[in-house]
Amino acid sequence: MKNTTTFVRASLAAIAILSASATTSYAGPKDYEFQLVSAEVKQGPDAEVSVRLVDKRNGQAVSDAVIFTTRMDMAPEGMEAMTTPVEELPSGQAGTYKFKTNLSMEGGWRFQLGAKVQGEGETVSGEVVVKATP
């Protein structure tokens, strides 16, 4: 009888653990998005673009991401081959990432980013469109 009781308790504990893990939801790359702080940026060689990385599940900015991929091009204007370098700057605001670039022409610029978020196994990637104004 003692072995049966031990077996039943162990079985119930295993079922409880499996049930809890089956309902636990883990974050993935699609749970994050990059958002522009300002959609319009002054055109020029020292243009500054700021983005937030937001956890869409709770609306909170993610402050511990490591941005390792950036690309700025004029794809929205039909000129994807027209690219410009991007340099990361200190932000001073948690969850906001700041960059310096040369927006040499007015119009739409696509900004593609890739980041690693602590605790996430996959890369978070996204893009935003910046409008360069005179």
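The values are calculated or read from the model by the stated rules, or taken from the named source; none is laboratory data. What you see is a predicted model; the values in this text were computed from it and never measured. Glycine gets a Cβ as well: all are built from the backbone with ideal geometry, and neighbour counts include every protein chain shown.
Residue-by-condition table, conditions (1) more than 22 Å from Lys30 (Cβ to Cβ); (2) without any contact (Cβ under 8 Å) to a residue 12 or more places away in the chain; (3) aromatic (Phe, Trp, Tyr):
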{"site": "Ala61", "(1), (2), (3)": "no, no, no"}
{"site": "Phe68", "(1), (2), (3)": "no, no, yes"}
{"site": "Arg71", "(1), (2), (3)": "no, no, no"}
{"site": "Pro85", "(1), (2), (3)": "yes, no, no"}
{"site": "Leu103", "(1), (2), (3)": "yes, no, no"}
{"site": "Leu113", "(1), (2), (3)": "no, no, no"}
{"site": "Lys116", "(1), (2), (3)": "no, no, no"}
{"site": "Glu122", "(1), (2), (3)": "no, no, no"}
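Would you say Ser21 is of a type in the set (S, T, N, Q), more than 13 Å from Val124 (Cβ to Cβ), modelled with pLDDT under 95 and not in a loop (DSSP other than H, G, I, E, B)? Break it down stepwise before answering.
Numbers: of a type in the set (S, T, N, Q): yes; more than 13 Å from Val124 (Cβ to Cβ): yes; modelled with pLDDT under 95: yes; not in a loop (DSSP other than H, G, I, E, B): yes.
Here the answer is yes, as Ser21 does meet what is asked.
Pull up the stretch 41-59, narrow it to residues that are charged (D, E, K, R) and either in contact (Cβ under 8 Å) with a residue 60 or more places away in the chain or outside any loop (DSSP other than H, G, I, E, B) (or both), then point me to the one that is farthest from Glu106 (Cα to Cα).
Initial filter on the stretch 41-59 (charged (D, E, K, R)): 42, 46, 48, 52, 55-57.
Filter once more, so that each one left must be either in contact (Cβ under 8 Å) with a residue 60 or more places away in the chain or outside any loop (DSSP other than H, G, I, E, B) (or both): 42, 46, 48, 52, 55.
Details: Lys42: 9, Asp46: 14, Glu48: 14, Arg52: 23, Asp55: 31 Å.
Of everything passing the filter in the stretch 41-59, Asp55 is farthest from Glu106 (Cα to Cα).
Looking only at residues in the stretch 73-90 that are part of a strand (DSSP E or B) and closer than 15 Å to Ser50 by Cβ, which one is nearest to the chain's Cα centre (by Cα)?
Glu88
So Pro76 fits all but one of (1) within 13 Å of Lys116 (Cα to Cα); (2) at pLDDT 95 or above; what number is the exception?
(1)
Out of the residues in the stretch 91-126 that are outside any strand (DSSP E or B) and among the polar types (S, T, N, Q), state the one that is nearest to Gly78 (Cα to Cα).
Here is the first cut: in the stretch 91-126, the residues outside any strand (DSSP E or B) are 91-95, 104-106, 117-123.
Checking which are among the polar types (S, T, N, Q) leaves us with 91, 93, 104, 118, 123.
Values: Ser91: 31, Gln93: 34, Ser104: 15, Gln118: 36, Thr123: 27 Å.
Out of the qualifying residues, it is Ser104.
Out of the residues in the stretch 39-70 that are within 19 Å of the chain's Cα centre (by Cα), at pLDDT 95 or above and closer than 17 Å to Lys131 by Cβ, state the one that is surrounded by the most Cβ atoms within 10 Å (Cβ to Cβ).
By that ranking, first place goes to Val51.
From the set of residues in the stretch 95-128 that are within 18 Å of Glu48 (Cβ to Cβ) and of a type in the set (Gly, Ala, Ser), which is surrounded by the fewest Cβ atoms within 10 Å (Cβ to Cβ)?
Per the stated criteria, the residue is Ser104.
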